[in-house]
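Student: So that we are looking at the same thing, I have put the structure below in structure tokens.
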Amino acid sequence: MKKFIKAVALLVVVLMTSCAGIKETINLSKCDFSYNKIGQVNFMNVDLSNGFTLAGMQQMLSAFTGNNKTIPLGFTVHLNVKNPNAETASLEKMAYKISLDGVEMTEGMTTAPFTVAGKSSAELALPIRIDLKQLLSGESRAAVTKVIKNFVGINAEPVNVKVQIKPSFRVGKKGHITFPGYVPVNFQYSGKAK
């Protein structure tokens, strides 16, 4: 009988934890997401967050004219998250997809937990890592070229960006449940990273 009572008590604790996680994730789906900035830009191990330097330009030219197997680009998309709910909204980890001008560029996962208190705002940072060489060889070439021109400051045509996020929350100590759909965040990018 004692084992049965312990099992029921454990089940109640797991369900209560799960319900809290479910509610906080549902609250997150009701939040307003908007674009803030693109920052922490790193091209082939050269920090371009503060714009291009001569060394950065040389690195870019050698990347595109050389025989590199990959051309790594990293950046962080910063999204504003406004929680209109009275309760906390949170996630444990999150899958994401990023599309430019309707062409999917990359997808990934971030395992950094995120929380925004009720009736407040917070910034969600998505670290993105892509291989430009691979993207420039496919149907995404035109959109990627526009983004590069926008970043350098030689293009005025905005790029339509769609970031889709799919949050997950913890159930118990090891389990996760993933939100059934993606939450879209759409914006246009037409200039240098902030």
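Student: Taking the stretch 104-121 only, how many residues are crowded, with 17+ Cβ neighbours inside 10 Å, farther than 18 Å from PHE43 by Cβ and of a type in the set (A, V, I, L, M)?
Tutor: Of the residues in that region, 1 qualify.
Student: Further question on the same structure: Going by the structure shown, is ASP101 in contact (Cβ under 8 Å) with a residue 40 or more places away in the chain, among the acidic types (Asp, Glu) and on the phi > 0 side of the Ramachandran plot? I'd like the intermediate steps shown before the answer.
Tutor: Values: in contact (Cβ under 8 Å) with a residue 40 or more places away in the chain: yes; among the acidic types (Asp, Glu): yes; on the phi > 0 side of the Ramachandran plot: yes.
It is true that ASP101 is in contact (Cβ under 8 Å) with a residue 40 or more places away in the chain, among the acidic types (Asp, Glu) and on the phi > 0 side of the Ramachandran plot.
Student: What residue, among those in the stretch 32-90 that are of a type in the set (Ser, Thr, Tyr) and assigned to a strand (DSSP E or B), is nearest to PHE169 (Cα to Cα)? If you could, list the steps in order and put the result at the bottom.
Tutor: Step one: of the stretch 32-90, the residues of a type in the set (Ser, Thr, Tyr) are 34-35, 49, 53, 62, 65, 70, 76, 88, 90.
Narrowing further to those that are assigned to a strand (DSSP E or B): 34-35, 76, 90.
Details: SER34: 22, TYR35: 23, THR76: 22, SER90: 8 Å.
Selected residue: SER90.
Student: Looking at (1) open to solvent by less than 30 Å² (accessible area, probe 1.4 Å); (2) modelled with pLDDT under 90; (3) in contact with a strand residue (DSSP E or B) (Cβ under 8 Å, 6 or more places away or on another chain), can you tell me which one LEU79 breaks?
Tutor: All conditions pass for LEU79, except number (2).
Student: May I pose another question? Restricting to the stretch 42-76, what's the tally of residues that are under 24 Å from GLU123 (Cα atoms), modelled with pLDDT under 85 and open to solvent by less than 30 Å² (accessible area, probe 1.4 Å)? Before you say what the answer is, go through the steps one by one.
Tutor: Pass one, the stretch 42-76, residues under 24 Å from GLU123 (Cα atoms): 42-43, 47-51, 73-76.
Within this subset, residues satisfying the condition of being modelled with pLDDT under 85 are 43, 47-51.
The next check asks that each one be open to solvent by less than 30 Å² (accessible area, probe 1.4 Å); those that pass are 43, 48, 51.
Looking only at that region, the number is 3.
Student: Need pairs with beta-carbon distance below 8 Å; first residue open to solvent by less than 30 Å² (accessible area, probe 1.4 Å) and within the stretch 179-191, second in a loop (DSSP other than H, G, I, E, B); sequence gap 6+ or separate chains.
Tutor: TYR189/PRO158; GLY191/GLY153
Student: Take LYS166 and tell me if it is open to solvent by 50 Å² or more (accessible area, probe 1.4 Å), at pLDDT 75 or above and within 20 Å of HIS78 (Cα to Cα). Talk me through it step by step, then tell me what you get.
Tutor: Values: open to solvent by 50 Å² or more (accessible area, probe 1.4 Å): no; at pLDDT 75 or above: yes; within 20 Å of HIS78 (Cα to Cα): yes.
No.
Student: While we're on this one: Does GLU157 satisfy the condition of being open to solvent by 60 Å² or more (accessible area, probe 1.4 Å) and part of a strand (DSSP E or B)? Step through it out loud before you land on a result.
Tutor: On the way: open to solvent by 60 Å² or more (accessible area, probe 1.4 Å): yes; part of a strand (DSSP E or B): no.
Against the criterion (open to solvent by 60 Å² or more (accessible area, probe 1.4 Å) and part of a strand (DSSP E or B)), GLU157 does not qualify.
Student: Starting from the stretch 36-63, keep only residues that are in contact (Cβ under 8 Å) with a residue 12 or more places away in the chain, then list their pairs with residues that are of a type in the set (Lys, Arg) whose Cβ atoms are within a distance under 8 Å, requiring at least 6 positions of separation or different chains.
Tutor: Hits for this filter: ASN36/LYS194; LYS37/LYS194; ILE38/LYS194; GLY39/LYS194; GLY51/LYS192.
The values are calculated or read from the model by the stated rules, or taken from the named source; none is laboratory data. Bear in mind the structure is a predicted one, so any value in this text is a computation, not a measurement. FYI the Cβ positions are ideal-geometry reconstructions off the backbone, even for glycines, and counts take in every protein chain you see. Quick note on the areas: whole protein, heavy atoms, side chains included, nothing else; ligands and nucleic acids left out. Shrake-Rupley method; radii C 1.70, N 1.55, O 1.52, S 1.80 Å.
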